[in-house]
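> One structure is given below, represented as structure tokens, and several questions about it will come after.
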Amino acid sequence: MDKTPLYHEIAESIRQAILYGTLQPGDELPPVREMSERWNCAPGTVQRAYQELSQQGLVVGRPGQGTRVAAGTLPDSHAPLRRATLVHEAESFLLSTLAAGYTPGEIEGALRLALDRWRAVSEAPPEATGPALRFVGSHDPSIAMIAAHFADLAPGHTLRITFAGSLGGLIALAEYEADLAGCHLWDAETDTYNTPFVRRFLPGRRVVLLTVAQRRLGLMVPPGNPAGLAGLTDLAQPGLRFINRQGGAGTRVWLDAQLHRLGIDADAIDGYDRAVSTHSEVARAVAQGDAGTGLGVETVALAYGLDFVPLTTERYDLVIPAPVWDSAPVQALAGWFASGEASAAIAALGGYDAGSTGQVQWIE
């Protein structure tokens, strides 16, 4: 494994000195030449460490005054130090995983999936540091990526994410506990997605459906598909252990409707009552051998290196009430969708058809 760059070590030593009070706000850091002799390195290495600390808001360099510890780095006001420590930890993780042979894309995807799983099991979302829009709804791998872009599109605003299933999202909207929801509910009577459920749960309210993408749903199976699964009728075969999604999830709603149509008794499926909150948790169970299969989206199967048996394509929408739709942050998000940049970013995740990304449908 590659050794941590020396400038990182120098910067970390100064961060620790600030953290423990050895260096106080206003204290001057040692001159570059003195530090280069102390660390037995070139002056440019020290300058790079000081530059990193400056970018993190921990130190300030002024001509003729040297480089000094910035204000706001004491324990009672340590946001810059907290951010700097986090960046350092992230860089260390990035360096170690790159050295292990992972690509930046693989690392980014893994972090998104890990965050998704944390959001699903966390009892409450963290407090936002600025104005926040509350997202509640179905899990989809694109949501974390959308949230990251949202921070750039609407500076100072955040998208607070809670995964509670499609029905949970609509209920949260109905109770004014969410600003927008993620939904992919299939209605058997009309063979359509989302619209009938939005009318049922939000009667009389003007709502926008902003299409994120069409996504492929199917059975996630171990590499090579050792059980030879071809469809839902295979779920009742002896020795196969299934892992399900929670009640209220759009995936669960679709599965139950299909089992009813096919005449398959849920009690005949080993593991039907074992439910988790995200596609990532399903994939994790299959990858670790805790389950032989589970229903999920292709994007997550790809991320976990699993094989995939496609069963259907479903529409995933953001459900946005009219007053929220008219807000500046959401209009900025809608503009990103309309530009075509969102469809390219979503398609790059794999497992999506982004041809309808950005479509807007009003429900009166």
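The values are calculated or read from the model by the stated rules, or taken from the named source; none is laboratory data. Predicted, not measured: the structure shown is a model, and the values here were computed from it. Quick reminder, even Gly has a Cβ in these numbers, built from the backbone with ideal geometry, and neighbours come from all protein chains shown.
> Applying the selection to the stretch 44-58, what residues are modelled with pLDDT of 85 or more and either outside any helix (DSSP H, G or I) or exposed (fewer than 14 other Cβ atoms within 10 Å of the Cβ) (or both)?
Result: 44, single match.
> Here's another thing I want to ask about it. Please list, ordered by residue number, the strands (runs of 3 or more DSSP E) wholly in the stretch 257-364 having 3 or more residues that are at pLDDT 95 or above, assigned by TED's automatic domain parsing to the domain that holds residue 203 and surrounded by 21 or more Cβ atoms within 10 Å (Cβ to Cβ).
Here the list reads 293-297, 307-321.
> State all residues of the stretch 38-65 that are aliphatic (A, V, I, L, M) and in contact with a Leu (Cβ under 7 Å, 6 or more places away or on another chain); if no residue qualifies, say none.
Across the stretch 38-65, the qualifying residues are 58, 59.
> Residue under question is residue 218, and the condition is that it be touching a residue at least 40 places away in the same chain (Cβ under 8 Å), part of a loop (DSSP other than H, G, I, E, B) and either within 25 Å of the chain's Cα centre (by Cα) or in the same structural domain as residue 303 (by TED's automatic domain parsing) (or both); does it hold?
In short, no.
> Looking at the stretch 15-42 only, could you name the residues that are at pLDDT 90 or above and not charged (D, E, K, R)?
29, 30, 31, 32, 35, 36, 39, 40, 41, 42 - these are the residues of the stretch 15-42 that are at pLDDT 90 or above and not charged (D, E, K, R).
> How about the stretch 86-119: which of its residues are over 17 Å from residue 300 (Cα atoms), modelled with pLDDT under 65 and touching a His at 6+ places or on another chain (Cβ under 9 Å)?
Within the stretch 86-119, 88, 91 qualify.
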